[in-house]
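The values are calculated or read from the model by the stated rules, or taken from the named source; none is laboratory data. Source: prediction; values computed, not measured. Cβ placement follows ideal geometry from the backbone for every residue including glycine, while neighbour counts extend to all protein chains displayed.
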Amino acid sequence: MRIPPRGPGQVRIGIAIAVPEPYASQLQDARSRFEDPLAQAIPPHITVIGPTVVDRADMPTVGEHLRKVADEMPPFRVHLRGTGTFRPVSPVVFMTLAEGIAECELLEQQTRSGVLAQELRFNYHPHVTIAHEVPEPALDRAFDEMAGYEAVFEVSEIWQYEHGDDGVWRPQRPFTLRGRKQMLRPS
């Protein structure tokens, strides 16, 4: 994982969808089984905005921005099913989304604006990491063993996380999704 450096008066944050129980424990246990050293430091999640450095003085503006985004975004369903990988570009195996991709993409696009506007290194691809920067045999095992795993859950909030000096990502503040679902009208 690429962690941007931070200076005095700055905080390193991330915005994510937390995977709820019982799936969070199941996926964290799987990540540990595949010998991922970050298994206990990073709670299972779908990244919305990756590691970002913000001036501490700008955090109220960040909070207001996230509240506004959450107020406009309706809750939605995520269905995790099967595995994928970013290899050979990056040594990552992840759970794929069979449902909720478009909503995650919209949420990411709306969140990555204003005070959190930034260029991406890679195109946004919602997923839940289950093995990262581990030996190839562990990546292969993760890909094969988790291929049949499924989880379905409602997303009703996004979380602001903070990256501590100890390398642990900690949830700081939830933002409840309050938007109304759009009703499709027949043509």
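For segment 114-146, give me the residue count where each residue is touching a residue at least 40 places away in the same chain (Cβ under 8 Å), at negative phi and among the small types (Gly, Ala, Ser).
Number of matching residues: 3.
Would you be able to tell me the number of residues in segment 76-115 that are of a type outside the set (A, V, I, L, M, F, W, C), in contact with a Lys or Arg (Cβ under 9 Å, 6 or more places away or on another chain) and surrounded by fewer than 15 Cβ atoms within 10 Å (Cβ to Cβ)?
Here the count works out to 2.
In segment 121-165, what residues are part of a strand (DSSP E or B) and of a type in the set (Gly, Ala, Ser)? Spell out the reasoning first.
Our first condition is that a residue be part of a strand (DSSP E or B); within segment 121-165, this holds for 128-132, 150-155, 157-163.
Residues satisfying the conditions are Ala131, Ala151.
What residue, among those in segment 126-155 that are farther than 17 Å from Asp29 by Cβ and acidic (Asp, Glu), is surrounded by the fewest Cβ atoms within 10 Å (Cβ to Cβ)?
Per the stated criteria, the residue is Glu136.
Is it true that Gln118 is closer than 17 Å to Ala18 by Cα and exposed (fewer than 14 other Cβ atoms within 10 Å of the Cβ)?
Working: closer than 17 Å to Ala18 by Cα: no; exposed (fewer than 14 other Cβ atoms within 10 Å of the Cβ): yes.
In short, no.
Can you list residue pairs whose Cβ atoms sit under 7 Å apart, with the first residue in segment 58-81 being free of Cβ contacts under 8 Å to residues at least 24 places away in the same chain and the second being part of a loop (DSSP other than H, G, I, E, B) and acidic (Asp, Glu)? Count only pairs 6 or more apart in sequence or on different chains.
Going by the 7 Å Cβ cut-off, there are no qualifying pairs.
Report yes if Ile158 is touching a residue at least 12 places away in the same chain (Cβ under 8 Å) and either surrounded by fewer than 20 Cβ atoms within 10 Å (Cβ to Cβ) or within 17 Å of Arg33 (Cα to Cα) (or both), otherwise no. Even if it seems obvious, please write down each step before you answer.
Values: touching a residue at least 12 places away in the same chain (Cβ under 8 Å): yes; either surrounded by fewer than 20 Cβ atoms within 10 Å (Cβ to Cβ) or within 17 Å of Arg33 (Cα to Cα) (or both): no.
Here the answer is no, as Ile158 does not meet what is asked.
Taking Arg56 as the residue in question, decide whether it is exposed (fewer than 15 other Cβ atoms within 10 Å of the Cβ), basic (Lys, Arg) and at pLDDT 95 or above.
yes
Run Gly164 past the list (1) over 12 Å from Ala18 (Cα atoms); (2) modelled with pLDDT of 95 or more and report the number of the one that doesn't hold.
Looking at each condition in turn, Gly164 falls short on (2).
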